[in-house]
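The values are calculated or read from the model by the stated rules, or taken from the named source; none is laboratory data. Not measured: the values here are computed from a predicted model. Heads up, the Cβs are rebuilt from the backbone with ideal geometry, glycines too, and the neighbour counts pull from every protein chain shown.
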Amino acid sequence: MDFEPPFQENYKTLLQNGSDELGDRNGGRQPPPQLIEHCELPLIDLSHLQTRGSSVGRADCKGDIVEAARKWGFFQVVNHEVPTEILESVKHEQKKLFRLPFQKKAELCFLNLSSSSSPTKSYRWGNPQATCLKQLPWSEAFHLPLASISRMKGNDNFGVAMETYGMTVADLAALIAEILAEGLGIKGTSYFKENCTSSTCFLRMNRYPPCPHASQVFGLMPHTDTNLLTVLCQDKVGGLQLMEGERWVNLNPNPNALLVNIGDLFEAWSNGMYKSVKHRVMASQEEERFSMAFFYCPFNHTLIESPLKPALYRSFSFEEYIAQVRRDVQATGDKVGLSRFLTQ
């Protein structure tokens, strides 16, 4: 099929020289596959936050969000006020985009998201720097800054769908951020309103093709998210796993819910109270999987400094954090993350 990235051709040497099994990718902590359990994340009904709800219901709902962020770092939300027609529209446009010929998707300025003086490659697949199979994600993605979508030309239906979805989910992320701040005893903060706007956020559309080497590679390698919050819209195909304590657990997909998880920046801002949890996507030999992640991010110059003292992490800018992550990945093939910024 002409829309499939040429994984077999480009990574032939790695696949021939790699081990037959995926093996342990977590420093000896990963249990045997048969011990990986299925997990039902907290499912939170956001309708209780609406003005017609009771004060007790609102307080309980907020408490559930805070507790889930503390214990799991992940939770699901329903009645999130992202209309079904918007969700269906973005899913439809996403599939259409990934079904385009590979050569078309790989063009430098395919989506017209960048100026001629500063071209940006939105489409990504595999990992050109991979030196071993554990660094090779069997997936393709489009990374879209919300600020650029409104400037797209020749993709009217796609652009309208993505911009509408992004703006709606940005409001949801801002609401959750304020609730999490309240959960730390910080009320009335203007931090998120001043530092996070729709223009600072991103969408990442993901497709995980069927993989004939599913025992050898990940769909997406183990990682934590760099941003403040992630809101994920996914299909009913499983594969997403998170680390709980010393084990990996499968997350049962709920296509009627949006999945929310804490990113590194929010863990630092919360002084470690909320957890940015390592997660990964397993490759599937038979099924393709689609998901769309919304990344709630601040301006690059925003200072990440916890209002809670004594501070567990030293203050740093979002830009500084991204630069450190890039240096670590180039040097070691992996992200070191927040431990670089501990005060002690």
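Brief remarks follow.
- Residue within the range 194-211 that is farther than 21 Å from W269 by Cα and either among the acidic types (D, E) or out of contact with any strand residue (DSSP E or B) (no Cβ under 9 Å at 6 or more places or on another chain) (or both) present: yes
- E163 being acidic (D, E), part of a helix (DSSP H, G or I) and more than 24 Å from V66 (Cβ to Cβ): yes
- Residue, farthest from A141 (Cα to Cα), within the range 53-91, restricted to residues that are of a type in the set (S, T, N, Q) and touching a residue at least 40 places away in the same chain (Cβ under 8 Å): Q76
- When the range 311-344 is filtered for residues that are within 19 Å of the chain's Cα centre (by Cα) and either of a type in the set (D, E, K, R) or closer than 24 Å to L184 by Cβ (or both), the ones remaining, listed by number, are F318, E319, Y321, R326, D334, K335, G337, L338.
- Enumeration of residues in the range 150-160 that are assigned to a helix (DSSP H, G or I) and free of Cβ contacts under 8 Å to residues at least 40 places away in the same chain: D156, G159, V160
- Residue that is modelled with the lowest pLDDT [pool: residues in the range 92-124 that are under 12 Å from H143 (Cα atoms) and surrounded by fewer than 16 Cβ atoms within 10 Å (Cβ to Cβ)]: T120
- Output for the range 193-247, where each listed residue is free of Cβ contacts under 8 Å to residues at least 60 places away in the same chain and either among the charged types (D, E, K, R) or in contact with a helix residue (DSSP H, G or I) (Cβ under 7 Å, 6 or more places away or on another chain) (or both): K193, E194, S198, S199, K236
- Q241 vs. criteria in a strand (DSSP E or B), touching a Leu at 6+ places or on another chain (Cβ under 9 Å) and not aromatic (F, W, Y): yes
- Residues satisfying the stated conditions in the range 180-207, i.e. surrounded by fewer than 18 Cβ atoms within 10 Å (Cβ to Cβ), β-branched (V, I, T) and part of a helix (DSSP H, G or I): none
- Residue match in the range 309-320 (condition: of a type outside the set (G, A, S), touching a residue at least 60 places away in the same chain (Cβ under 8 Å), under 30 Å from C132 (Cβ atoms) and not in a loop (DSSP other than H, G, I, E, B)): no
- Taken over the range 65-84, the residue count meeting the criterion of being assigned to a helix (DSSP H, G or I), more than 16 Å from L172 (Cα to Cα) and of a type outside the set (G, A, S) is 3.
- Being surrounded by 21 or more Cβ atoms within 10 Å (Cβ to Cβ), closer than 25 Å to I65 by Cα, in contact with a strand residue (DSSP E or B) (Cβ under 7 Å, 6 or more places away or on another chain) and in contact (Cβ under 8 Å) with a residue 60 or more places away in the chain is not true of V277.
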